[in-house]
Amino acid sequence: MSNTNTTVAKQEKDLRDALIPAVDVIEDASGITLYADLPGVAKERLSLQVEADVLTIEGEMDLGLPEGMSAIHAEVDAPRYRRAFTLSRELDSEKVSAELTQGVLKLRIPKKDHAQPRRIAIEVN
Amino acid sequence: MVYRAVFPRDVFNELNRLQREFWQSLDTNPNIRGSGRGGFPPINVGSSERAVDIYVFAPGLDPATIDVQIEKGVLTISGERNIVVPNNEQATTHIAERFTGRFRRVVSLPDDIDPSAVSAKYRDGLLHIGVARREAAQPRRIAVQ
């Protein structure tokens with residue numbers, strides 16, 4: 001019981017200490033492309049998860065702060081990013097592909113085959 | 001920044017404005033160049049005995065296009081970030097939050113910095129500018145005889 005409590009407390013703390021990254025979401029006929037700004041996050045510290053229909057993006061920053069440094073001005077005041085999105089049913093969460101270049105994450109979530117647009121021929125008798 | 005509501009009586013815009021006014025009222029002596037908070041790119045500044053470290057959170061840039069200058073103790077970081085929007089009839093933009101366009105941010109540095117000892121590194125979308133302090137200004141232990 002106490003164990004669950006600590007986990008919940010830890011999650012709440014993580015949520016409070018996390019920044020919400022800016023994103024762009026663009027949909028086209030075959031799927032959705034998501035771009036997220038995650039400056040300071042190296043590939044190894046990025047975690048992407050799809051659980052049930054929730055996609056979670058989490059990243060830890062590696063600032064490499066020198067010793068004895070004190071912050072005199074901070075606009076970025078948390079060392080991690082976190083943001084979650086609810087996916088819709090026609091998206092194929094098993095085929096998500098991700099690329100991280102210079103702090104920008106590009107996620108491609110394709111639509112399931114049956115959800116791809118189709119032109120329906122109308123038969124006229 | 002001029003506040004203009006897209007739709008009158010938009011609750012979220014009103015909250016946004018209230019929040020901005022609230023922060024402005026707290027900052028009774030704002031910096032002459034504005035607080036800069038909320039602008040692109042966000043900046044953190046750290047200070048140590050040997051150097052002043054500036055961290056600029058500017059992802060997705062080509063390092064060659066970032067312009068970093070020091071003049072009269074003022075550090076200026078400027079550049080341009082272009083986000084290519086697919087020019088496709090089928091594409092719909094659902095969320096567009098990422099910054100696009102030209103940017104410029106200014107940081108005034110302490111007096112004891114050495115403008116000739118500046119380093120700038122860009123990694124994972126984070127620009128780190130290190131400005132060393134002058135030797136003479138660094139703390140020294142004086143031996144008592």
Quiz item: When each pair of different Cα atoms in region B:101-145 is counted once in the 1/r mean, what is the Kirkwood radius in angstroms, to one decimal?
Solution: 13.5 Å
Self-check item: For region B:38-86, the fraction of alpha-carbon pairs in successive 10 Å shells from zero, as %
Solution: 19, 49, 25, 6, 1
Quiz item: Going from most exposed to least, what order do A:Lys43, A:Lys106 have by accessible area with a 1.4 Å probe?
Solution: A:Lys43, A:Lys106
Practice problem: May I ask for the angle, rounded to the nearest 10°, between helix A:2-16 and the longest principal axis of chain A, with both axes built from Cα atoms and the value confined to 0 to 90°? | Solution: 80 degrees
Quiz item: Mind listing the Cα extents of chain A along all three principal axes, in Å, largest one first?
Solution: 82, 42, 22
Quiz prompt | Cross-link reach list, aspartates and glutamates versus B:Lys72, counting only Cα pairs under 13 Å and skipping chain neighbours closer than eight places | solution = B:Asp111, B:Asp112, B:Asp114
Quiz prompt | Debye log10 I(q)/I(0) for region A:80-125, one point scatterer per Cα, at q = 0.29 Å⁻¹ | solution = -1.13
Practice problem: Quick one: accessible surface of A:Glu99, probe radius 1.4 Å, all protein chains present, in square angstrom to the nearest 10. | Solution: 110 Å²
Self-check item: Most fluctuating residue given options A:Arg108, A:Arg82, A:Arg45, as computed from a GNM of chain A linking Cα atoms under 10 Å
Solution: A:Arg45
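Averaging the inverse of every distinct alpha carbon separation and then flipping it gives the Kirkwood radius. What is it for the protein assembly as shown, in angstrom units?
Working: mean 1/r = 0.0456 Å⁻¹.
Answer for the protein assembly as shown: a Kirkwood hydrodynamic radius of 21.9 Å.
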Self-check item: Those aspartates and glutamates that a straight Cα-Cα span of less than 16 Å connects to A:Lys111, excepting residues fewer than 8 apart in one chain
Solution: A:Glu27, A:Asp28, A:Asp53, A:Glu90, A:Asp92, A:Glu94
Practice problem: Count charges around A:Leu100 for me, please; just the other residues with Cβ under 9 Å from its Cβ, Lys/Arg as +1, Asp/Glu as -1. | Solution: 0
Quiz item: In terms of solvent-accessible area of protein heavy atoms at a 1.4 angstrom probe, what is the ranking of A:Met69, A:Met61, highest value first?
Solution: A:Met69, A:Met61
Practice problem: Please list, or write none, the aspartates and glutamates whose alpha carbon is within less than 12 Å of the alpha carbon of A:Lys95, excluding same-chain residues fewer than 8 places away. | Solution: A:Asp113
Exercise. Sum -39500 (n - 2.57) across every DSSP H segment of at least 4 residues in the protein assembly as shown, then divide by the residue count to get the 222 nm mean residue ellipticity, nearest 500.
Key: -4000 deg cm²/dmol
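The values are calculated or read from the model by the stated rules, or taken from the named source; none is laboratory data. Everything numeric here is computed off the predicted structure, so don't read it as measured data. Neighbour counts run over all protein chains shown; Cβ positions are idealised from the backbone, glycine included. Accessible surface is based on the protein model in full, side chains and every heavy atom, while ligands, DNA and RNA are left aside. Shrake-Rupley method; radii C 1.70, N 1.55, O 1.52, S 1.80 Å.
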